[in-house]
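Engineer: One structure follows; several queries about it will come next.
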Amino acid sequence: MDSTKNATMSGERIIEPIAAFEPSHLFLSSIVAVQVFSATAKPNWYKAGYLNQAIPVPFSLGLALGEFRFISLYTPVIINFLHFPSDYQVSFEVPKYFQDCTFKIWEFADN
């Protein structure tokens, strides 16, 4: 999955921050790779945000928070979710001061 979002701006001021990235894909592998970019990030920024794992819970209660991981800007990272290895969704939360963000996630296929 590859998606780009922009904050709603008024001049130099952010009016509406970037909403969380919430792919509808149901991940079946415990291993994913993530990379995050921002064209307008300042050179000293290293924090891209947090990747949250969401686990379906029984009885139509929706999703529960599983593991979450800190993600750095630009640096690709491979994550192995250990506690809930399959049948999960993810969301990625961007800091409120980002003007733009590109979020990429790949699922490793089990052979």
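The values are calculated or read from the model by the stated rules, or taken from the named source; none is laboratory data. Just so it is clear, the model here is predicted, and its values are computed rather than measured. No Cβ is skipped: glycine too gets one built from the backbone with ideal geometry, and neighbour counts run over all protein chains shown. We work out accessible area using only protein heavy atoms, side chains counted, and drop any ligands, DNA or RNA first. Shrake-Rupley method; radii C 1.70, N 1.55, O 1.52, S 1.80 Å.
Engineer: So, of the residues in segment 95-111 that are modelled with pLDDT of 95 or more and assigned to a loop (DSSP other than H, G, I, E, B), which turns out to be surrounded by the fewest Cβ atoms within 10 Å (Cβ to Cβ)?
Structural biologist: Ranking the candidates gives Lys96 first.
Engineer: Here is a further query. So, in segment 80-94, of the ones that are more than 13 Å from the chain's Cα centre (by Cα) and among the polar types (S, T, N, Q), which residue ends up most open to solvent (accessible area, probe 1.4 Å)?
Structural biologist: Per the stated criteria, the residue is Asn80.
Engineer: If I filter segment 65-79 for residues that are surrounded by 14 or more Cβ atoms within 10 Å (Cβ to Cβ), assigned to a loop (DSSP other than H, G, I, E, B) and touching a residue at least 60 places away in the same chain (Cβ under 8 Å), do I get at least one hit?
Structural biologist: There is no residue in segment 65-79 that is surrounded by 14 or more Cβ atoms within 10 Å (Cβ to Cβ), assigned to a loop (DSSP other than H, G, I, E, B) and touching a residue at least 60 places away in the same chain (Cβ under 8 Å).
Engineer: When both residues are 6+ apart or on different chains and their Cβ atoms are under 9 Å apart, which pairs have a first residue that lies in segment 82-109 and is at positive phi, and a second that is part of a strand (DSSP E or B) and of a type in the set (A, V, I, L, M)?
Structural biologist: Close Cβ pairs satisfying both conditions: Asp87/Ile55.
Engineer: Let me ask you something else. Going by what's in this entry, would Ala54 be described as part of a strand (DSSP E or B), out of contact with any Cys (no Cβ under 8 Å at 6 or more places or on another chain) and over 27 Å from Glu12 (Cα atoms)?
Structural biologist: yes
Engineer: Let me ask you something else. Kindly provide the set of residues from segment 15-63 that are within 16 Å of Phe103 (Cβ to Cβ), of a type in the set (Ser, Thr, Tyr) and buried (at least 18 other Cβ atoms within 10 Å of the Cβ), ordered by number.
Structural biologist: Hit for segment 15-63 is Ser38, nothing else.
Engineer: Of everything in segment 82-108, what is of a type in the set (Ser, Thr, Tyr) and within 13 Å of Ala48 (Cβ to Cβ)? Give them in sequence order.
Structural biologist: If the condition is that a residue be of a type in the set (Ser, Thr, Tyr) and within 13 Å of Ala48 (Cβ to Cβ), then Tyr97, Thr102 are the ones that fit.
Engineer: If you don't mind, there's one more thing I want to ask. If you scan segment 5-50, which residues turn out to be part of a strand (DSSP E or B), within 16 Å of Pro95 (Cβ to Cβ) and touching a residue at least 40 places away in the same chain (Cβ under 8 Å)?
Structural biologist: Lys5, Asn6, Met9, Ile14, Phe21, Val34, Val36, Phe37, Lys47, Ala48, Gly49, Tyr50
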